[in-house]
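**Q** To start, I am sharing the structure in question, which I have written as structure tokens.
The values are calculated or read from the model by the stated rules, or taken from the named source; none is laboratory data. Every value quoted in this text rests on a predicted model; they were computed, and no experiment measured them. Please note: Cβ atoms are built from the backbone with ideal geometry, for glycine as well, and neighbour counts cover all protein chains shown. Remember, those area values only see protein heavy atoms, side chains included, never the ligands or the DNA or RNA. Shrake-Rupley method; radii C 1.70, N 1.55, O 1.52, S 1.80 Å.
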Amino acid sequence: MLTMHRSTLMNQFPKAIFGSLKAAAKKKAATGTKIIDLSLGSPDLPPAQIVREELAKQAEKADSYGYTLGGTERFHEAVANYYQRRSGVELDPQTEIIQTMGSQEGLVHLPLAFCNPGDIVLTTDPAYVAYAAGIHLAKCEAYAMPLTAEHQFLPDFDAIPEDICARAKMLILNLPGNPVPAMPSVAFFEKAIAFAKKHNLIVIHDAAYSEFYFEGTKPLSFLEVPGAKEVGVEINSLSKSFSLAGARIAYIVGNASIIETLGELKSHLDYGTFRPIQDAACVALDNAESITDELRTIFSTRHRVLSEGLEAIGWELAPSAGGMFVYAKYPQQQMDDKEFVYHVIEQTGVVLVPGSIFGASGRNHVRIALVQDEKLLQEAVSRLATL
């Protein structure tokens, strides 16, 4: 019989907790309890009808099934037009846009394209788990910048040691963030750009939640700030804002040299996204205003209901005016966050995510996704109040 040995690289990838949470929820559901799952950050709303109709129409065509070898001209134009309308940012569709198969694919491959073993990638703590995967694959090292209330849950560049800065090649930002939904400002992005120029860093801004804002004006695009294109790119996906999570379509925009290098790498990895999905994505981008206005109305109400409810029962929330999550410190601090979430499932049937899977600073916190309607969110708060 074949004896198989896992690569040593595999030891750097911890098992995802979501399967274990699902198993615990399934066991609880077997007792007759209705589960309220607030774990996965996948939209519960369907794509707009016009988007679904375009996908169906294009999929019917016999000539839609060949390789695309990347983003179509129509898709690149749609992204450029969207950025011009929404952020006032001019993009060259030929050189400053590349399509990826979801934002996670792009985020994982960017360190491979630019970092060597021993290089450092600056990330936040807590941070989206896919960043670590890309860093491990590139055999470089992560340096975690803690997100604290003292600094409005934004990284403090001044606290990074000089020897770390000297080895750093890349800086990953995510605003509004996952799991901490902090919001960017012009001043913060200006500081990030100056820091990148000083230390010759590539900046990657993950803007997956850019259409999720509940107060005032929309979050800034990193590329709106002068000098951003000189040092970096912004990555966004249609998964969240347009409910196309399963379609796996996203884009990276900005610095042409970064785009070109990533394109060279991707030419060895994939043959492009299914054309009907690209066509449906174009319809979504071309109608972004009406689609995302409805999205914000729904998620703003959910955010208010959940935030006010949790605060009323003594939970401590990170301030947020956007994003797809609530990041909270629960009152039962005698339990660590992993113990706590399984306790919550067993006692209430509500599924949350422990903050520590996103980094050490997430200990004794949980991430709660706004992926159920407001009545179920109210029910979730009522159940949590019984703990």
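**Q** Tell me which residues, restricted to segment 80-103, are under 21 Å from Leu201 (Cα atoms) and touching a helix residue (DSSP H, G or I) at 6+ places or on another chain (Cβ under 6 Å).
**A** Once the filter is applied, which keeps residues that are under 21 Å from Leu201 (Cα atoms) and touching a helix residue (DSSP H, G or I) at 6+ places or on another chain (Cβ under 6 Å), segment 80-103 yields Thr95, Glu96, Ile97, Ile98.
**Q** Also: Checking the structure you have, find out if any residue of segment 62-69 is over 22 Å from the mean Cα position of the chain (by Cα), of a type in the set (Asp, Glu) and open to solvent by less than 40 Å² (accessible area, probe 1.4 Å).
**A** No, segment 62-69 contains no residue that is over 22 Å from the mean Cα position of the chain (by Cα), of a type in the set (Asp, Glu) and open to solvent by less than 40 Å² (accessible area, probe 1.4 Å).
**Q** Is it fair to say Glu260 is assigned to a strand (DSSP E or B) and either closer than 16 Å to Pro93 by Cα or modelled with pLDDT of 95 or more (or both)?
**A** So Glu260 fails the test.
**Q** Moving on to the next point. If I filter segment 71-79 for residues that are open to solvent by 50 Å² or more (accessible area, probe 1.4 Å) and under 15 Å from Thr273 (Cβ atoms), do I get at least one hit?
**A** Yes, because at least one residue in segment 71-79 is open to solvent by 50 Å² or more (accessible area, probe 1.4 Å) and under 15 Å from Thr273 (Cβ atoms).
**Q** Which members of segment 295-319 meet the condition of being closer than 16 Å to Asp44 by Cα and without any contact (Cβ under 8 Å) to a residue 12 or more places away in the chain?
**A** Selection gives Thr297 alone.
**Q** Taking segment 192-207 as the region of interest, how many residues are buried (at least 16 other Cβ atoms within 10 Å of the Cβ) and not β-branched (Val, Ile, Thr)?
**A** The first filter runs over segment 192-207 and keeps only residues buried (at least 16 other Cβ atoms within 10 Å of the Cβ), leaving 192-193, 195-196, 199, 201-207.
Retained after the next criterion (residues that are not β-branched (Val, Ile, Thr)): 192, 195-196, 199, 201, 205-207.
Selection size over segment 192-207: 8.
**Q** Return yes or no: is Gly227 over 28 Å from Thr273 (Cβ atoms), in contact with a helix residue (DSSP H, G or I) (Cβ under 7 Å, 6 or more places away or on another chain) and of a type in the set (Gly, Ala, Ser)?
**A** The answer is yes for Gly227.
**Q** Hey, could you check segment 23-39 for residues that are basic (Lys, Arg) and in contact (Cβ under 8 Å) with a residue 60 or more places away in the chain and say which is most open to solvent (accessible area, probe 1.4 Å)?
**A** Lys34
**Q** Return the total of residues in segment 357-387 being farther than 17 Å from Ser42 by Cα and either open to solvent by 30 Å² or more (accessible area, probe 1.4 Å) or in a loop (DSSP other than H, G, I, E, B) (or both).
**A** 15
**Q** Which of the residues belonging to segment 104-114 are surrounded by 22 or more Cβ atoms within 10 Å (Cβ to Cβ) and in contact with a helix residue (DSSP H, G or I) (Cβ under 6 Å, 6 or more places away or on another chain)?
**A** Residues satisfying the conditions are Gln104, Leu107, Pro111.
**Q** Working only within segment 40-61, note down all residues that are modelled with pLDDT of 95 or more and either surrounded by 13 or more Cβ atoms within 10 Å (Cβ to Cβ) or touching a Gly at 6+ places or on another chain (Cβ under 8 Å) (or both).
**A** Pro47, Ala48, Ile50, Val51, Arg52, Glu53, Glu54, Leu55, Lys57, Gln58, Ala59
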